[in-house]
Amino acid sequence: MRLDPRRKNRHSPRSRNLKVTGAAACVAAAALLLTACGQSSDSATSAATEAAKVLPQKTTASPSATADLTEAQQERKRVLDATEVTFDDAATTAVGEVAGGKLVDLDLEGVDDDDRDESPSPTGTGSPTGSPSPTDAASPTGSPTGSPTATGSPTASPGAEGPVWVAEVAEKDGTVHTVRINAVDGKVIDARVDEDQDDQDKQQTARWLSEATQTPEQAAKVATEKKKGTVTSVSLDDNDGNGVIWSVDVVGSDWKKTTFDVDAKNDTIVREETDND
């Protein structure tokens, strides 16, 4: 029996060429795939970076504190934010300018539209007496008691020196002195006798003061116990023939003004009204 020799497993040159070519193609395809993935990742990162440069970070902005305030409320806020001298301190300073005097009116200018300036000063000083200002320089202590002339500056425009307390202090016979006080440093800007008052005005003022057994400070305390806030005005007035009252204005944290009419004999509130403007 003849055994045929075992054939060796050989590939032809053509077969080898095809395998090599196939392997190279696979390697090239894999390289292209890896490159594409890398470019895609880099492109995504680059795009995100560019977007971050263009689009600002989203922030939650709080609304303006004055956005919802009326014009009157904004003005009250502006004046009160600049005021350093309280009603009590201004009252003490004003009364100190008139020997034996009593406070009948004290008002922070600019807080209310109905400031008690009956006739504006022709020189623009905002003096409630309406009398012309002299030409001498301002005195830090005001004019001497009973002096018919003032020492205030004639060139100061309303509010030029900052917020101002305007006080009316009466002598025993009803003669009223107007005292202007800087509401920032507490210095007296101007003090003068109200030359517009006649004998009847003096008699009325003296009568009201004799009937008022409660002080303006006591009335202010009653008002602020009812409504927390800042006292911006206190004025002695007639209660429609039913005695006298202290009319007290209080501005609350909402910058609204509430007026309290406080009986000047027993410190009871007889009327209350809030200005929503």
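Which value, in debye to the nearest 20, describes the size of the charge dipole of the range 192-233 about its Cα centre when Lys and Arg Cβ atoms bear +1, Asp and Glu Cβ atoms bear -1, and nothing else is charged?
Working: 7 positive and 9 negative charges, 109 e Å.
Computed charge dipole of the range 192-233: roughly 520 debye.
Probing with 1.4 Å while keeping every protein chain in the model, the per residue accessible area of the range 226-277 equals 47 Å². Annotation: residue 237 carries an accessible surface of approximately 70 Å², with a 1.4 Å probe and no ligand, DNA or RNA atoms counted. With θ taken as phi - 60° and the Karplus curve 6.51 cos²θ - 1.76 cosθ + 1.60 applied, the whole-hertz 3J(HN,Hα) list for the range 164-177 is 9, 8, 10, 10, 10, 10, 9, 6, 4, 7, x, 5, 9, 10 Hz, x standing for glycine and proline.
Among 210, 253, 235, what's the order by accessible area (1.4 angstrom probe), most exposed first?
Details: 210 90, 253 115, 235 15 Å².
Greatest to least solvent exposure: 253, 210, 235.
Between residue 71 and residue 227, the FRET efficiency estimated from the beta carbon spacing at R0 = 22 angstrom works out to 0.50. If you take the Cα centroid of the range 218-277 and the Cα centroid of the range 185-202, the two points sit 23 Å apart. In this structure, the amide hydrogen of residue 244, modeled 1.01 Å from its nitrogen in the peptide plane, lies closer than 5 angstrom to those of 239, 264, counting only residues at least 5 positions away or on a different chain. For residue 187 and residue 237, FRET efficiency with R0 = 51 Å and r from the beta-carbon atoms, rounded to 0.05? For residue 237 and residue 187, the calculated efficiency is 0.95.
The values are calculated or read from the model by the stated rules, or taken from the named source; none is laboratory data. Just so you know, these numbers come straight off a predicted model, no measurement behind them. Counting neighbours? That spans all protein chains shown, and the Cβs are built from the backbone with ideal geometry, glycine included. When the accessible area is computed, the model is the full protein with side chains, heavy atoms only, and any ligands, DNA or RNA have been set aside. Shrake-Rupley method; radii C 1.70, N 1.55, O 1.52, S 1.80 Å.
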